[in-house]
Amino acid sequence: MSPVSRNRKKKAKKPGKRVFPKGALEALVPPRPNWFSAATATALAGSDALVAARGPLELEEATSLLLGERLVERTRVEGATGLRFTAWAREVADRAAEQVLAHSEDLSTGAWKGPWRLLHGMLSIGAPELASAAESAIERCAGELGAAGGVPSWLAVLGGVAPTGELWSLRDAHGTRGAVIAGYAYPDGVDRSVFLFDYDVTDFAVELPAPGAFPDVAAAEAAWRTSTGEQTVPLVEGVSPEVLAIVLAGGTVLLDSVIGVETDQALRNWYRAQRRAQDLIALVRDRGVHLPAPLPVEQQAARMAEEFTTWHHTRHGATPDDETVETLALDWVEKTAEGTHALVSPRRVECVRESIQADRDAGVPTMLAELSLLPEWAGWLAERAGLAEELVREVRIA
């Protein structure tokens, strides 16, 4: 045997072809929900009304409502599971393109105009996945339409809506209900508007009860005050990174996750709120603004427990039971949204109390001790947040 042959390494065996059991891959893909067909047909039938839009913002609003109403209908009928809103919207884009192509041989009928407008409207309200589907559908149809008459030039800018960088904020007296108002415009400053991110962190999730587009900040502020009843706290120019983190990272609408508590207004703006938020996130990153990252639950709870114990000893001259404080702190952190653990209101205290009671059998000593300490905990948070004395009292007796 030659030295070369003796030292040559054996070739590694090629891995065999991986074989999946029959039906295994199909099982990974959720089945197409039954509601898709009827909702798609209704959306396409309603697209004819979009032809009346006179500019980008009007088409954006009409498209958001047309698709959003279908989400309202299905959520109220189907419940909050397995809805797959993004998958449905992609299907709408595909079917709209099919209708445009089907009518492209005789453009004089105008039957293609509604679906064509719908695709462009979806460009303006769709987050990347949906906007990409709409853009692909438009590209499929463009060659067949050619230089069709009756197509306004402003349709070409629908995908270019972007934040202007203008930001304002509002909050109620407790801080658990607030709003971020952000400016947006189409290219060259066309159709300037603002988008209202109305947030509520009373319960365990960040909810966006009444998001929507408005012609200016005054209209958005008026809508928020009407919705919340808050008339005294002033509008502030600018938004803190902490508040931006709450709105942009936590909203159920923004996570494309339905939990069943969404308002009709939130569902009507489901796609648009996601798009506007993601555009705002991109702007914030481009400007180098750092959004604070949340601490791990256990670390956040331990920090709050230590601070509360120190406050309690200073205020009352006595140290509360360590186990009770630790349990309460962990419950509070787990039952409130990330980035909002320091906020407190009477309704939030009620929500946490109800959740603690639901988690434990009545009469368990730990639960009773925890609930007896909750008013002190709430009062500490209220004082820590600098709330007025009457608000501190409201929180303590909630």
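For residues in the range 300-315 being among the polar types (S, T, N, Q) and in contact with a helix residue (DSSP H, G or I) (Cβ under 8 Å, 6 or more places away or on another chain), which is farthest from Glu338 (Cα to Cα)?
Step one: of the range 300-315, the residues among the polar types (S, T, N, Q) are 300, 309-310, 314.
Remaining after also requiring in contact with a helix residue (DSSP H, G or I) (Cβ under 8 Å, 6 or more places away or on another chain): 300, 309.
Details: Gln300: 10, Thr309: 22 Å.
Step by step, filter the range 300-315, then rank; the result is Thr309.
The helices (runs of 4 or more DSSP H) found wholly in the range 1-98 and carrying at least 3 residues that are among the acidic types (Asp, Glu) and modelled with pLDDT of 50 or more occupy 56-78. For the range 172-192, how many residues meet the condition of being in contact with a Pro (Cβ under 6 Å, 6 or more places away or on another chain), farther than 30 Å from Ala388 by Cβ and not aromatic (Phe, Trp, Tyr)? The qualifying residues number 1.
Quick test for you: out of Ala49, Ala62, pick the one residue that is closer than 23 Å to Asp191 by Cβ and crowded, with 18+ Cβ neighbours inside 10 Å.
Working: Ala49 fails: crowded, with 18+ Cβ neighbours inside 10 Å.
So the residue among Ala49, Ala62 that is closer than 23 Å to Asp191 by Cβ and crowded, with 18+ Cβ neighbours inside 10 Å is Ala62.
Inside the range 314-335, residues that are without any contact (Cβ under 8 Å) to a residue 24 or more places away in the chain and within 17 Å of Glu370 (Cα to Cα) make up a count of 3. A search for C-beta distances below 9 Å between a residue of the range 157-168 that is on the phi > 0 side of the Ramachandran plot and any residue that is modelled with pLDDT of 95 or more and of a type in the set (A, V, I, L, M), counting only pairs 6+ apart in sequence or on different chains, returns Gly165/Ala182. Taking the residues in the range 294-310 that are in contact (Cβ under 8 Å) with a residue 24 or more places away in the chain and aliphatic (A, V, I, L, M) as candidates, determine which candidate is surrounded by the fewest Cβ atoms within 10 Å (Cβ to Cβ). Only one residue tops the list, namely Val297. Restricted to helices (runs of 4 or more DSSP H) entirely inside the range 288-398, those with at least 2 residues that are touching an Asp or Glu at 6+ places or on another chain (Cβ under 9 Å) and more than 18 Å from Thr202 (Cα to Cα) are 297-316, 322-334, 365-384. Of the residues making up the range 227-249, those that are part of a loop (DSSP other than H, G, I, E, B) and on the phi < 0 side of the Ramachandran plot number 8.
The values are calculated or read from the model by the stated rules, or taken from the named source; none is laboratory data. Model, not experiment: these values are computed from the prediction. Heads up, the Cβs are rebuilt from the backbone with ideal geometry, glycines too, and the neighbour counts pull from every protein chain shown.
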